[in-house]
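Shown next, in structure tokens, is the structure this report addresses.
The values are calculated or read from the model by the stated rules, or taken from the named source; none is laboratory data. This is a predicted model, so every value here is computed, not measured. For neighbour counting, all protein chains shown are included, and Cβ atoms are generated from backbone atoms with ideal geometry for every residue, glycine included. Heads up: the accessible areas ignore ligands, DNA and RNA and are worked out on the full protein's heavy atoms, side chains in. Shrake-Rupley method; radii C 1.70, N 1.55, O 1.52, S 1.80 Å.
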Amino acid sequence: MDNDGIGLAEALLGLPGLRVLEVAETGDELTITIETETDRVGCGRCGVRAEGHDRMAIEIRDLACFGRPARLVWNKRRWRCVDPDCDAKTWTEESVHVDRQAVLTRRAGAEACRQVGENARPVAGVARELGVCWWTVMNAVIEHGRPLVDAPARVGPVTQLGVDETSFLKATAEHPTVYVTGLVDLHAKIVIDMVEGNAARDLRRWTEQAAGKWLAGITVVATDLAESFRSGLSPHLDHARRVTDPFHVVRVANRCVDSVRRRVQNETLGHRGPKQDPLYRIRKLLLSGTERLD
Ligand SMILES: [Zn+2]
């Protein structure tokens, strides 16, 4: 399909300022050759009208088009300043629709970021789908996602803070397991921040740089029973009531019941009970919840 001259192809493309030169089907893909509509441009340095120097074709991955993967081939112009005394020499044009690395259109980058951020899809899966490398998608996530995360209005006043660790990278020959500590607004159900590490000093470093007024508004902090959290929250969150979820409390209680059972067993029999021993046989019953007992 050649340029129809009445803008139908441009309307379908939906990238103002770009003109469609050709649409071709290659295998399962659509390849759309485009150029900018800019025919005259002044030199950025001296203002003299520039002259077209040459063009180079750049391939850019775009959003799928009517269910087919789409690729743009941008005949990118290089302009030249005609004033021999000007330092500008030559430069290539840019487009607001294309990211700085010129691998993805900005709308494809924004969609890749949404897939990873909002739909929690793995970067590798989105990269495979778009036919680009892992870093292309990760860069799009950073470019489009960071402003969303850093937006000052994203995290308001927090009254109930949740803190928990997650293993982030599995141990390899080069490094042990890398943990991150997540901080969550329990009321708004949003992640406030992620801190690298799970040691007390990692958490304390974070609370140190948080605004005092914001910390003062926190009345409850929910964590597991790890000592590192207890000391990491001190002294900046000493004023908040500390809450632990039932799962962790019950686990500690169960461990105590178990150790008492083993001690009683040892004291009465002088050794670990045999398999048929009544005390050994009720070991699971001892840990069952009231609601599950008849
Ligand atoms: Zn110039």
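Annotations
- Computing Rg and the Kirkwood Rh from the Cα coordinates of the range 11-71 gives a ratio, Rg/Rh, of 1.09.
- Global form of the range 138-188, assessed from the alpha-carbon gyration tensor, a/c cut-off 1.5: oblate
- By accessible area with a 1.4 Å probe, ligands and nucleic acids excluded, highest first: order of Ser167, Ser95: Ser167, Ser95
- Of the residues Tyr280, Tyr179, ranked by 1.4 Å probe accessible area with the largest first, the sequence reads Tyr179, Tyr280.
- Within a Gaussian network of the chain (alpha carbon springs, distance under 10 Å), most fluctuating of Ala211, Ala173, Ala112: Ala173
- Counting heavy atoms of the protein chains alone, His175 has an accessible area of about 60 Å² for a 1.4 Å probe.
- Per the Kirkwood formula applied to alpha carbons, the range 181-292 shows a radius of gyration over Rh ratio, Rg over Rh, of 1.18.
- Pairs of Cα atoms nearer than 8 Å and 6+ residues apart set the relative contact order; for the chain it is 8 percent.
- Within straight-line cross-link reach of Lys284, aspartates and glutamates at Cα separation under 13 Å, skipping those fewer than 8 residues along the same chain: Asp258
- Geometric descriptor of the range 104-154, per residue, is 63 Å³ (volume of the convex hull of the Cα atoms).
- The chain - accessible surface per residue (Å², probe 1.4 Å): 64 Å²
- DSSP beta bridges fully contained in the range 28-80 are about 70 percent antiparallel.
- DSSP beta bridges fully contained in the chain are about 75 percent antiparallel.
- Cα Rg, Dmax (largest Cα-Cα span) when computed across the chain, Å: 30.6, 102
- Each part reduced to its alpha carbon centroid, the range 47-91 and the range 227-294 end up 68 Å apart.
- Straight-line cross-link reach from Lys189 at under 22 Å between alpha-carbon atoms covers these lysines, not counting any fewer than eight positions away in the same chain: Lys213.
- Look at the Cα gyration tensor of the range 1-155: its axes a ≥ b ≥ c give a/c of at least 1.5 with a/b at or below b/c, and that counts as oblate.
- Net charge of Cβ neighbours under 13 Å - reference Arg68; Lys, Arg +1; Asp, Glu -1: -3
- For the range 133-227: rounded, prolate or oblate by the Cα gyration tensor [a/c cutoff 1.5]: oblate
- For the range 243-282, the share of alpha carbon pairs falling in successive 5 Å distance bins from zero is 6, 23, 23, 17, 12, 9, 7, 3, 0 percent.
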